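What follows is a set of notes on a single structure, which appears directly below.
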Amino acid sequence: MEAQADTEVVITNTNRDIIKTSSPIDSATQFILEKENFSHAEGGHILQSDWKKEKYIATVSPFNDGKGNQGYVYMLKSTDHIQAFITHLNRHFLLAIVLILLFLFITIIFLLKVLTKPLVSMKEATKKISNGDFSVTVPIKSNDEIGELSKSIQSLANDLNYLKKERNEFLASISHELRTPLTYIKGYADIGRRKTLSETERMKYLYIIHEESERVYLLLQELFDLAKMDQNMFTIQTERVNLKQFISSIYEKARLVFHNQEKELLFMCTSEPIVDIDPRRFEQVILNLLDNALKYSPEKSITLIEVQSMNNEILIKLQDEGNGIPSEDLPHIFNRLYRVDKSRSRLTGGFGLGLAIVKEIVEAHNADIIVESKVGEGTCFIIRLKEISDENRTIS
Ligand code: ADP
C-alpha cells in the first residue's frame, strides 16, 4: 500500500518499539515517533500538519488485531512534493504578476500617448496661431470632446488665415486705388507749375487735379464708413417711418439726375407700409443702389423702385435695365473693393465699396438684401424689411 501511495508507514508496539517500517528511519521520523502528546483513544490522531516547515505530515492510529497484538500505525507523508509544487506555483504567480505589471505599464503608456498626442498637437497648433502662423493643420480623428476641440481650433485657424489673406488683398487694393489718382494729381500738378502754360491749359489741369482729389476723398470717406461699421462704432437710430413717403422724397431728388442723363426713374407703392429704419442710413442705401442703376444702365432705360407688402414683410425692389452682372460675379459683388469690370468701373467712378456699405447698413437693420441679375437684361436688388403690424403703426 505504502509503496504505491508515496507514504511511509511505521508500526510500533504499545511501547513504541518499531515492529515494522516501510523505509529506514531518519531523524525526522524518529522525532515523530517520540511524540507523546496524542490521544490513545481509537481513531487517528494528527501528529504533525505543518507542511511548510516539517519534512513530514504525520498521523498515528492505535491498532488491536484481536489476537493480542496491539500498537500504533504511524503514517508519514513527505512534504517534499507539496513544497516543490508550491514553489513552482509561486514562481508562476510571480511571472504572472510581472507580466500583468508589464501589460499595465504598456497599456498606460499607450493610453497616455493616445490621449495626450492630440492635446500636444493642439497645444502646438495654438502656439503657432498665437505666433501669427495660421496655416496649421490639427489632426481631427475622434468624434468626442477632444475631436470637437480640435475641430474648433482648426476652424479658428482657417478663419484667421482667411481674414489675414483678405486683409492683405484689401490693403493691396486700397494702395492700388490710391496710387492711381495720386499719380494723376502729382503728374498734373507738375505740368501745372510750368510757367509757359496758358491759363486755359492750367485750368484744365487744375480741374483734373480737383476731380482726382474728389475721388481720393470719396474713397477715404467710404473706407472710414466701413471702418466705423467694423469697429461697432456704427449705430443705427431707428425711427418709425412711412416708407412710401420716405422713398418718395428720395425718388423726387433722384428722378432729376436720371432725367439729366436721358434715363427714367419710376416709383410704385400701392400701400402705406410702416417700418423702423434709420432714415439717414437708409437713404444712403437707396442712393447707393440708385447710383449703381444710373452708372450701369444705358440711355433711355427705365429704373423702377417698387415697394410691396408680403406676409408682414416689406420688399423694396430696385429693378434696372442695365448691362446686368455675370452669374459668376454675383456672389462677390457685396465684397469690399469688388468690381465686375475693373477698367470700366474706374471710368464710371466706382471703388467697389458701395454695395459693401449697403449690405452692412441693411444687416444692421436686421434686414437682408439679395440680387438677381441677367447680363444684357438688367439687375434687381431686393431688400426685405420687417413691417410694423397694424396696432403699432403710430409714427413718432
Ligand atoms: P462700384 O462703386 O464699383 O459701383 P459697388 O460695390 O456699388 O461698387 O458695386 C460692385 C460692382 O457690382 C460694380 O463694380 C458693378 O460691376 C456691379 N454692379 C453693382 N450694381 C450694378 C447694377 N445695377 N448693374 C450692373 N452691375 C452692377
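Structure notes:
- Among residues of the range 292-318 that are within 13 Å of the ligand (Cβ to nearest atom), those with a Cβ under 6 angstrom from a residue that is among the aromatic types (Phe, Trp, Tyr), sequence gap 6+ or separate chain, pair up as 305/267; 318/381.
- Taking the conditions (1) surrounded by 10 or more Cβ atoms within 10 Å (Cβ to Cβ); (2) modelled with pLDDT under 85 in turn, residue 4 satisfies each one other than (1).
- Selection from the range 347-390 of residues that are of a type in the set (Lys, Arg) and either within 14 Å of the ligand (Cβ to nearest atom) or within 22 Å of residue 220 (Cβ to Cβ) (or both): 359, 374
- Residue among 87, 107, 126, 116 that is out of contact with any Asp or Glu (no Cβ under 8 Å at 6 or more places or on another chain), under 30 Å from residue 48 (Cβ atoms), among the hydroxyl-bearing types (Ser, Thr, Tyr) and not assigned by TED's automatic domain parsing to the domain that holds residue 222: 87
- Residue in the range 201-211 that is among the hydroxyl-bearing types (Ser, Thr, Tyr), outside the structural domain of residue 281 (by TED's automatic domain parsing) and crowded, with 16+ Cβ neighbours inside 10 Å present: yes
- Just one of the listed residues (209, 153) is closer than 28 Å to residue 123 by Cβ, β-branched (Val, Ile, Thr) and in contact (Cβ under 8 Å) with a residue 12 or more places away in the chain, namely 153.
So that you can scan it fast, the table gives a plain yes or no per residue for (1) of a type outside the set (A, V, I, L, M); (2) more than 30 Å from residue 10 (Cα to Cα):
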residue: 82; (1), (2): no, no
residue: 93; (1), (2): yes, yes
residue: 122; (1), (2): no, yes
residue: 125; (1), (2): no, yes
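- Figure legend. Inter-residue proximity from the range 48-71: first residues in the same structural domain as residue 17 (by TED's automatic domain parsing) and farther than 18 Å from residue 7 by Cα, second residues of a type in the set (S, T, N, Q) and not in a strand (DSSP E or B), beta-carbon distance below 7 Å, spacing 6+ or different chains. Indicated pairs: 70/14; 71/14.
- Hits in the range 294-311 (condition: farther than 27 Å from residue 237 by Cβ and of a type in the set (Gly, Ala, Ser)): 297, 301
- Whichever residue in the range 9-22 is modelled with pLDDT under 85 and surrounded by 10 or more Cβ atoms within 10 Å (Cβ to Cβ) and, among such residues, is farthest from the chain's Cα centre (by Cα): 14
- Of residues in the range 115-158 being surrounded by fewer than 12 Cβ atoms within 10 Å (Cβ to Cβ) and of a type in the set (A, V, I, L, M, F, W, C), the one modelled with the lowest pLDDT: 115
- Of all the numbered requirements in (1) within 14 Å of the ligand (Cβ to nearest atom); (2) under 26 Å from residue 392 (Cα atoms), residue 287 misses one, and that requirement is (2).
The values are calculated or read from the model by the stated rules, or taken from the named source; none is laboratory data. Bear in mind that the values here come from a model prediction, so they are computed numbers and not experimental data. Neighbour counts run over all protein chains shown; Cβ positions are idealised from the backbone, glycine included.
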